[in-house]
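Participant: Before I ask anything, let me first share the structure, which is written out below as structure tokens.
The values are calculated or read from the model by the stated rules, or taken from the named source; none is laboratory data. Since the structure is predicted, the reported quantities are computational estimates derived from the model, not experimental observations. Cβ: placed from backbone, ideal geometry, glycine included. Neighbour counts: every protein chain shown. Heads up: the accessible areas ignore ligands, DNA and RNA and are worked out on the full protein's heavy atoms, side chains in. Shrake-Rupley method; radii C 1.70, N 1.55, O 1.52, S 1.80 Å.
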Amino acid sequence: MSQKSFTDLYPSVWNGTSVRSEVMAFAEEYKQFISRCKTERETAAETARIAREAGFRDLDGMLSRGEALKAGDRVFVTRQGKAAAFFVIGSRPLTDGLRLICAHADAPRLDLRPNPLYEKEGLALMKTHYYGGIKKYQWTALPLAFHGVAVKKGGEKICVVLGEDPADPVLYVSDLPVHLAADQMKKKLAEGVSGEELNLIVGSIPLNDEKDGGVKAAVLKLLKERYGLDEQDFASAEFEIVPAGGARDAGFDSSLLASYAHDDRVCVYPAFRALLAAERPAFTAGAFFVDKEEVGSQGNSGMNSHLMENVVSRLVRATGGSPFDLSEALERSALLSADVTVGFDPSFAAAFEPNNTARLGSGPVLMKYAGARGKSGANDASAELMAFVRDIFDEAGVRWQIGGMGRIDLGGGGTIAPFASKYGMQVLDCGVALLSMHAPYELASKADLYETFRAYAAFLSSGAELKAYLG
Ligand code: MN
Ligand code: MN
């Protein structure tokens, strides 16, 4: 008998599935969401808006009015306009622990620098600073959109989105023509395009036929007329440059999705939908969407801050608990760190270990550990927690697979998992496998998206006792 292959152990969700229409319908809703939410601010605002419409109440407002929480209540919290958390209060006390799913809403991109605008050779340009791990050459010669916010002196907030409507202009980072690239093509791939060459071209018509500085002056005039922005307002702004346009179906069979920032909205969305679907869970169910994961989770909207306990302490207060209950609630919790992982790419097969790499289409990936080299930086979930989650998924009939970060010593990656586990809670990385992670367009499977939603919903609604596994 031949030995079992990876896909014998972890078959494709498409095989024998009876829910193909549900898979496709869910992907359509995700496409709408991800095409609207391209930044962490947009994601936090949109999830809060949807939750409010679904009857979720603002926890901070409730606390200021002295209102208490009871089982079945649905609440949300936003922080810094960049992080959001959503909860359905369980029938069990918070000190029995929560069931949490945490994903990140930031994604690799180009940020504008604080003094971006200049003119050179008749073109107006803007300086950028890349955010997160990118292959810089991938961000040239493609249509780019402009998203973000400037805060004027005095606090007035000006939000700008340009380049998403097909009638909008886009912005553009140039690359050398191949005809003149003999020197560039001899460079290492990582050095082919440098950070200082990632300059946005933003205009070329001079103001009043001026020879020097006229193009910059004309762009400044447009910014003032259209948005009320002055040149120094970029000093108090967060403008993000992302690929223009929405998510698209991919493949002749439309089984795949090509989009900017699947990492990590392909986990944000099913986590959010699973939380919205949670009805009267035993353990309080929560979905956390955080910022700054792509730069190490630092900052007050990132997971390596006190965000988690600050928010959960509000839940403890609103359910009538004592401050001492907070550490118990956190310590007894189980959290799925909902982040993407690498999928096996047959065109670059040498980068993957075939027996331990997720396949597109085989469902959500349980990743025991991420990290680099000798598991450096890994959370490394316990065998006990792996068994707990396997049982929940199997009982719900969810197809899942295992995965890892490719061949040993080629690279690696981190997630928010180590920052969550510092509370003593049980933390496991579980998300969707991608091809071309961190590229301007990443590829995901619609089957994985839907099966991940089912997996997260099963996890949030499960009344299974974690204690029974931990011993
Ligand atoms: Mn990620
Ligand atoms: Mn990432």
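Participant: Please report the spacing between the Cα centers of the stretch 41-82 and the stretch 138-173 in Å, no decimals.
Facilitator: Centre-to-centre (Cα) distance: 28 Å.
Participant: Which far-off residues, 5 or more places away or on another chain, put their amide H under 5 Å from the one on L256, with H placed in the peptide plane?
Facilitator: The answer is A250, K446.
Participant: In addition: K31: which lysines have alpha carbons under 16 Å from its alpha carbon, excluding same-chain residues fewer than 8 sequence positions away?
Facilitator: K446
Participant: What is the magnitude of the charge dipole of the chain about its Cα centre, with +1 placed on the Cβ of each Lys and Arg, -1 on the Cβ of each Asp and Glu, and no other charges, expressed in debye to the nearest 20?
Facilitator: Magnitude of the dipole: close to 520 debye.
Participant: Hey, can you find the accessible area per residue of the stretch 266-354 for me, probe 1.4 Å, expressed in square angstrom?
Facilitator: 37
Participant: Can you list residues whose amide H is under 5 Å from V427's amide H, if they're 5+ apart or on another chain and H is modeled 1.01 Å from N?
Facilitator: L335, S382
Participant: Please give the contour-minus-distance gain from A141 to D60: 0.36 nm per residue of separation, less the Cα-Cα distance, rounded to one decimal in nm.
Facilitator: Using 0.36 nm per residue and subtracting the Cα-Cα distance, I get 24.7 nm.
Participant: Counting Lys and Arg as +1 and Asp and Glu as -1, what is the net charge of the other residues whose Cβ lies under 10 Å from the Cβ of K224?
Facilitator: The answer is -2.
Participant: How much length would be gained if the chain were fully extended between L189 and R52, taking 0.36 nm per residue of separation minus their Cα-Cα distance, in nm to one decimal?
Facilitator: Between L189 and R52, full extension yields 44.7 nm more.
Participant: What FRET efficiency, computed as 1/(1 + (r/R0)^6) with R0 = 35 Å and r the Cβ-Cβ distance, is obtained for D209 and R36, rounded to the nearest 0.05?
Facilitator: The formula returns an efficiency of 0.30 here.
Participant: Something else: Considering the options V151, I408, Q298, tell which one lies farthest towards the positive end of the dipole of the chain, charges being +1 on Lys and Arg and -1 on Asp and Glu at the Cβ, about the Cα centre.
Facilitator: Checked the options; the winner is Q298.
Participant: Which one, A83, P243, L110, projects farthest toward the positive side of the charge dipole computed for the chain from Cβ point charges (K/R +1, D/E -1)?
Facilitator: A83
Participant: Still on this structure, I have one more. Using alpha-carbon pairs under 8 Å, 6+ residues apart, how would you state the relative contact order of the stretch 293-347 in percent?
Facilitator: Relative CO of the stretch 293-347 lands at 17 percent.
Participant: Taking a ≥ b ≥ c as the square roots of the eigenvalues of the Cα gyration tensor of the stretch 282-434, is the shape rounded (a/c under 1.5), prolate (a/b larger than b/c) or oblate?
Facilitator: Prolate is the answer for the stretch 282-434, as a/c is 1.5 or above and a/b outweighs b/c.
Participant: Another one. Would you mind computing, in nm to one decimal, how far apart the modelled labels at F324 and D391 are, each placed 7 Å from Cα along Cα→Cβ?
Facilitator: That separation, rounded to one decimal, is 3.1 nm.
Participant: Quick one: grab the alpha carbon gyration tensor of the stretch 139-256, order the square roots of its eigenvalues as a ≥ b ≥ c, and give me rounded if a/c is under 1.5, else prolate or oblate depending on whether a/b is larger than b/c.
Facilitator: Oblate, since a/c reaches 1.5 and b/c is not below a/b.
Participant: So, with +1 on the Cβ of K and R and -1 on the Cβ of D and E, and no other charges, what is the size of the charge dipole of the stretch 109-243 about its Cα centre, to the nearest 20 debye?
Facilitator: That gives a dipole near 360 debye.
Participant: What distance in nm lies between label points placed 7 Å from Cα along the C-beta direction at W14 and L176?
Facilitator: Spacing of the two 7 Å Cα→Cβ label points: 4.1 nm.
Participant: Here is a further query. For the chain, with the dipole built from +1 on Lys and Arg beta-carbon atoms and -1 on Asp and Glu ones, taken about the Cα centre, which of A378, Y469, H179 lies farthest toward the positive end?
Facilitator: It is Y469.
Participant: Continuing with this model, one more query. What does the charge add up to near L256, with Lys and Arg as +1, Asp and Glu as -1, over the other residues with Cβ less than 10 Å from its Cβ?
Facilitator: -1
Participant: Among rounded, prolate and oblate, which fits the chain when a ≥ b ≥ c are the square roots of the eigenvalues of its C-alpha gyration tensor, a/c under 1.5 means rounded, and a/b larger than b/c means prolate?
Facilitator: Oblate.
Participant: To the nearest 0.05, what FRET efficiency results for A68 and E465 with a Förster distance of 25 Å applied to their C-beta separation?
Facilitator: Once rounded, the FRET efficiency stands at 0.40.
Participant: When DSSP assigns beta bridges and you keep just the ones with both residues in the chain, what percent turn out antiparallel, to the nearest 5?
Facilitator: Expressed as a percentage, antiparallel bridges in the chain total about 70.
Participant: In addition: Quick check on packing: order 73-79, 364-370, 201-207 by the mean number of other C-beta atoms within 10 Å, highest mean leading.
Facilitator: Ranked from most to least packed, the peptides come out as 364-370, 73-79, 201-207.
Participant: Would you mind putting 333-341, 168-176, 152-160 in packing order, based on average other-beta-carbon counts within 10 Å, highest first?
Facilitator: Packing proxy ranking, top to bottom: 333-341, 168-176, 152-160.
Participant: What net charge is computed for the residues neighbouring S204, neighbours being all others with C-beta under 15 Å from the C-beta of S204, Lys and Arg scored +1, Asp and Glu -1?
Facilitator: Taking every Cβ under 15 Å from that of S204, the sum is -1.
Participant: Could you sort out which of K4/K38; K4/K422; K82/K153; K152/K422; K135/K157 sit more than 30 Å apart by Cα distance in this structure?
Facilitator: Over 30 Å Cα-Cα: K4/K38; K4/K422; K152/K422; K135/K157.
Participant: Using the Karplus equation 6.51 cos²θ - 1.76 cosθ + 1.60 (θ = phi - 60°), what ³J(HN,Hα) coupling, rounded to whole Hz, does each residue of the stretch 284-292 give in order, writing x for Gly and Pro?
Facilitator: With the stated coefficients, the stretch 284-292 comes to 4, 9, x, 10, 10, 10, 10, 10, 6 Hz.
Participant: OK, next. Would you work out what percent of the accessible area of the stretch 109-243, with all protein chains in place, is carbon or sulfur (probe 1.4 Å)?
Facilitator: 55
Participant: Contact order normalised by length for the stretch 109-243, with contacts defined as Cα pairs under 8 Å and 6 or more residues apart; what percent is it?
Facilitator: Computed over the stretch 109-243, the figure is 38 percent.
Participant: Using modelled backbone amide H atoms (1.01 Å from N, in-plane), which distant-in-sequence or interchain residues come within less than 5 Å of L117's amide H?
Facilitator: K127
Participant: Computing the accessible area with a 1.4 Å probe over protein heavy atoms, can you report the carbon and sulfur percentage for the stretch 1-70?
Facilitator: It is 51 percent, rounded to a whole number.
Participant: Would you please give the FRET efficiency between D249 and K221, computed as 1/(1 + (r/R0)^6) with r the Cβ-Cβ distance and R0 = 56 Å, to the nearest 0.05?
Facilitator: The pair D249/K221 has a calculated efficiency of 0.85.
Participant: In whole Å, what is the distance between the alpha-carbon centres of the stretch 377-436 and the stretch 239-290?
Facilitator: The stretch 377-436 and the stretch 239-290 have Cα centres spaced 18 Å from each other.
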